[in-house]
Amino acid sequence: MSDCLFCKIVEGTIPARKVYEDDSVLAFHDIQPQAPVHLLVIPKKHIATMNDCQPEDAELLGRTLLAAQRIAGEAGLAQEGYRLVNNCGSNAGQVVFHLHWHILGGEKLSALNPVSNS
């Protein structure tokens, strides 16, 4: 997708502080960190949201999650813990419509707020 920010990072036309890259996965620092460690892990293939994943993407999704595990370990987060988050759709807070996971850690994270019934 020519207008996708993350596709441009994959192409190298927009710079990023990369922490990991292989043939199918890229990880880099979030430019608006929400924790002391805030990394983004993306498949290089453009998939807009989790809802757009297809059965043929299963291996890619597994590779992406295993890369996230490795990256969290290399960032020193595995021992104390980290949060792995995927926001799906604008109501969930997804801003860039290229499938990605946030790795958050480096401090004790607050509990997630439960959904209000009101």
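Rule-based calculations on the coordinates, nothing more; no lab input. None of the values given here were measured: they were computed from a predicted structure. Virtual Cβ from ideal backbone geometry, glycine too; neighbours counted across all protein chains shown.
When the criteria are applied in full, residue 104 meets the requirement of being hydrophobic (A, V, I, L, M, F, W, C) and closer than 24 Å to residue 7 by Cα.
Just one of the numbered conditions (1) of a type outside the set (Val, Ile, Thr); (2) out of contact with any Phe, Trp or Tyr (no Cβ under 9 Å at 6 or more places or on another chain); (3) surrounded by fewer than 16 Cβ atoms within 10 Å (Cβ to Cβ); (4) closer than 25 Å to residue 51 by Cβ is not true of residue 65: (2).
If we scan region 2-22, do we find a residue that is in contact with a Ser or Thr (Cβ under 8 Å, 6 or more places away or on another chain), exposed (fewer than 15 other Cβ atoms within 10 Å of the Cβ) and either under 16 Å from residue 87 (Cα atoms) or not β-branched (Val, Ile, Thr) (or both)? Give the derivation first.
Going residue by residue through region 2-22, those that are in contact with a Ser or Thr (Cβ under 8 Å, 6 or more places away or on another chain) are none.
No, region 2-22 contains no residue that is in contact with a Ser or Thr (Cβ under 8 Å, 6 or more places away or on another chain), exposed (fewer than 15 other Cβ atoms within 10 Å of the Cβ) and either under 16 Å from residue 87 (Cα atoms) or not β-branched (Val, Ile, Thr) (or both).
Got a number for residues in region 23-57 being surrounded by 11 or more Cβ atoms within 10 Å (Cβ to Cβ) and either touching a Leu at 6+ places or on another chain (Cβ under 7 Å) or farther than 19 Å from residue 74 by Cα (or both)? Looking only at that region, the number is 21. Residues in region 39-81 that are within 15 Å of residue 27 (Cα to Cα), charged (D, E, K, R) and not in a helix (DSSP H, G or I): 2 in all. Name every residue in region 84-101 that is closer than 19 Å to residue 7 by Cβ, within 10 Å of the chain's Cα centre (by Cα) and either without any contact (Cβ under 8 Å) to a residue 60 or more places away in the chain or in a strand (DSSP E or B) (or both), in order of residue number. Scanning region 84-101 gives 86, 87, 99, 101.
Kindly indicate whether any position in region 22-35 is among the polar types (S, T, N, Q), touching a Pro at 6+ places or on another chain (Cβ under 7 Å), part of a loop (DSSP other than H, G, I, E, B) and in contact (Cβ under 8 Å) with a residue 40 or more places away in the chain. Yes, there is a match, as at least one residue in region 22-35 is among the polar types (S, T, N, Q), touching a Pro at 6+ places or on another chain (Cβ under 7 Å), part of a loop (DSSP other than H, G, I, E, B) and in contact (Cβ under 8 Å) with a residue 40 or more places away in the chain.
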